[in-house]
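What follows is a single structure, written as structure tokens, with notes after it.
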Amino acid sequence: MSPRERRTLDGGRARDSEVIEAAIQIFWEKGYSATSVQDVADALGMLKGSLYYYIDSKESLLDRIFADSHEEVRGIVDEVLGLDLAPLERLHTFVERLALWYLTNVRRASLYAREWRHAGDGLRGQMLEQRQYYDAVLLDLVRQALAEGRVTLPEGGERIAANFVMSAISSLPDWFRSSGPQPAIVVARTYADMTLCLLRAQDDLGVRSAVSA
């Protein structure tokens, strides 16, 4: 049975979530390569053999974490693309919501940046496809804003701008702490505002910095 077929553990979603959250916590604390299946089983108060009844390997846990995360972010994309907004407003909303997901799922999001190198070829390929999907969504939003005439970029600069913004969002787990001076929503809105500054469109949209709001 593949890890994607094991959609629930112990016959219930609650136990399933408990296992995944335990794996996220331990992978984040110890690093994926230093974590054993026994570590996850110990955190859950299970025998290692009992945990293997539900998973194929340690990597299958990482696969499930990435699959669940991708589903959540795909939901954000679908919601934003379904909004009745002008291109620039849609871009601002997407960046804000994506950044907020990273900020409220710091440990889960950090695994993408920190642990991808330990994944097998198959899983690494899936992760690359997911990242390319997000990159393509953001690039398309930038191009729509550019076509609307409310964005000024050098020729061919839309891809550079999209890569710049996605890289900035991806690095949020490296420095953000929930105990810091700014709450997650303020940081997310500021990143969205700064995206429009990068595209020289802030004055046109009339966006106010979330920090000074």
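We did not get these values from a lab; they are worked out from the coordinates using the rules stated. Computed from a predicted model, the values in this text were never measured in an experiment. All Cβ positions, glycine included, derive from the backbone under ideal geometry; neighbour counts span all protein chains shown.
Figures for the structure shown
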read-out: Calculated FRET value between Arg177 and Lys48, using beta carbons and R₀ = 30 Å, to 0.05; value: 0.35
read-out: Length gained when the stretch Glu21-Asp84 is fully extended (0.36 nm per residue, less Cα-Cα span); value: 19.2 nm
read-out: Virtual spin-label span in nm between Ala147 and Cys197, 7 Å along Cα→Cβ; value: 2.9 nm
read-out: Region 18-132: relative contact order as a whole-number percent, Cα under 8 Å and 6+ apart; value: 30 percent
read-out: Taking the C-alpha atoms of the chain, convex hull volume expressed per residue in Å³; value: 136 Å³
read-out: Projected label distance in nm at Glu72 and Tyr133, using a 7 Å step from Cα toward the beta-carbon; value: 1.5 nm
read-out: Filtered trypsin sites (Lys or Arg not before Pro), region 15-118: DSSP coil and at most 15 other beta carbons within 10 Å; value: none
read-out: Taking the chain and dividing mean pair separation by its residue count, relative contact order in percent (alpha carbons under 8 Å, at least six apart); value: 22 percent
read-out: Rh (Kirkwood; distinct C-alpha pairs) - region 53-150, Å; value: 14.8 Å
read-out: Unit charges on C-beta of K, R, D, E only; dipole of the chain, Debye; value: 360 debye
